[in-house]
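Below is one structure; the comments refer to it alone.
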Amino acid sequence: MNPEILTIKQARDIMRPLLETGTICPCCSQSVKLYRRPLSSAMALGILLLFNETQKLPLQNEAWIHLESFFKEQDCDQSIRGDCPKLRFWGLLQPKEGEKTDGNPNNGYYKLTDAGKLFAQDKLKVSSHVRIYNNTFYGFPTDSKEIGIQEALKNKFNYSEIIQPCHH
């Protein structure tokens with residue numbers, strides 16, 4: 001097929017069955033893949049640091065935090081700074097609406113959802129993985145298991161040394 005005359009529907013029909021293993025887009029020649037993303041120990045540490053921080057704030061439900069700045073102040077590794085925004089795919093973080101002055105739809109501000117707070121307190125389990133394509137959530141893999149915060153931390157971090165008691 002000549003890529004210059006493919007319709008969008010035809011291109012999607014070609015690519016859809018190949019998304020799990022990865023393929024090259026017949027329209028733009030970019031690599032395309034549906035990723036199975038785990039909830040990593042870096043993400044788990046990040047949510048605990050955010051939870052601890054929001055417990056210090058007077059209006060915890062309106063605690064919008066600029067993640068990049070916050071994690072830089074905490075001297076966090078790049079893996080935490082880069083991975084934590086992905087917690088939105090699990091419903092644990094909510095991005096703040098409103099774009100930056102440069103038109104980027106992501107202004108960098110997030111807050112913990114109620115589910116995020118419960119997860120941080122080890123009162124909620126979530127799927128160990130999500131499916132992501134083109135930075136869009138495509139559900140949970142059918143074979144992923146439910147994990148709590150301590151399982152997500154693995155043996156890399158000690159939950160009881162990180163979590164601070166609630167003050168509300």
What FRET efficiency do you get for GLU161 and TYR35 if R0 is 25 Å and r is their Cβ-Cβ distance, rounded to the nearest 0.05?
0.20
Along the dipole axis of the chain (charges at Cβ: +1 for Lys and Arg, -1 for Asp and Glu; origin at the Cα centre), the most positive-end residue among GLN150, SER128, GLN78 is SER128
Can you give the FRET efficiency to the nearest 0.05 for GLU68 and ASP13, using r as the Cβ-Cβ distance and R₀ = 45 Å?
0.70
Have a look at the stretch 33-76 and give its Rg and Dmax from the Cα atoms, expressed in angstrom.
12.8, 43
Surrounding net charge for SER128, when Lys and Arg each add one and Asp and Glu each subtract one, Cβ distance under 14 Å
+4
Please report the equivalent ellipsoid semi-axes of the stretch 117-156, computed as sqrt(5 x eigenvalue) of the Cα gyration tensor, largest first, in whole Å.
21, 11, 10
Sites THR21 and PHE137, calculated FRET efficiency, Cβ-Cβ separation with R0 30 Å, nearest 0.05
0.90
Footprinting exposure proxy for CYS27, CYS84, CYS76 (fewest neighbouring C-beta atoms within 10 Å first):
CYS27, CYS76, CYS84
Would you mind counting up the charge near ARG16? Only other residues with Cβ under 13 Å from its Cβ, with Lys and Arg at +1 and Asp and Glu at -1.
+1
Give the Rg/Rh ratio for the chain, taking Rg as the radius of gyration of the Cα atoms and Rh as the Kirkwood radius, to two decimals.
1.05
Pairs of lysine residues in the stretch 37-140 - Cα separation under 15 Å, sequence separation of 8 or more or cross-chain:
6
Please identify every one of the trypsin sites (Lys or Arg not before Pro) in the stretch 42-92 that sits in a loop by DSSP and has no more than 10 other beta carbons within 10 Å of its own beta carbon.
LYS56
Under a Cβ-Cβ cut-off of 15 Å, what is the net charge of the residues other than GLU62 that fall near it, where Lys and Arg count +1 and Asp and Glu count -1?
+1
Restricting to Cα pairs under 8 Å and 6 or more apart, the percent relative contact order of the chain works out to 23
Hey, how many Å between the Cα centroid of the stretch 11-57 and the Cα centroid of the stretch 128-164?
13
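Every number here is computed from the coordinates shown, using simple stated rules; none is lab data. Everything numeric in this text was worked out from a predicted model, so none of it was measured. Heads up, the Cβs are rebuilt from the backbone with ideal geometry, glycines too, and the neighbour counts pull from every protein chain shown.
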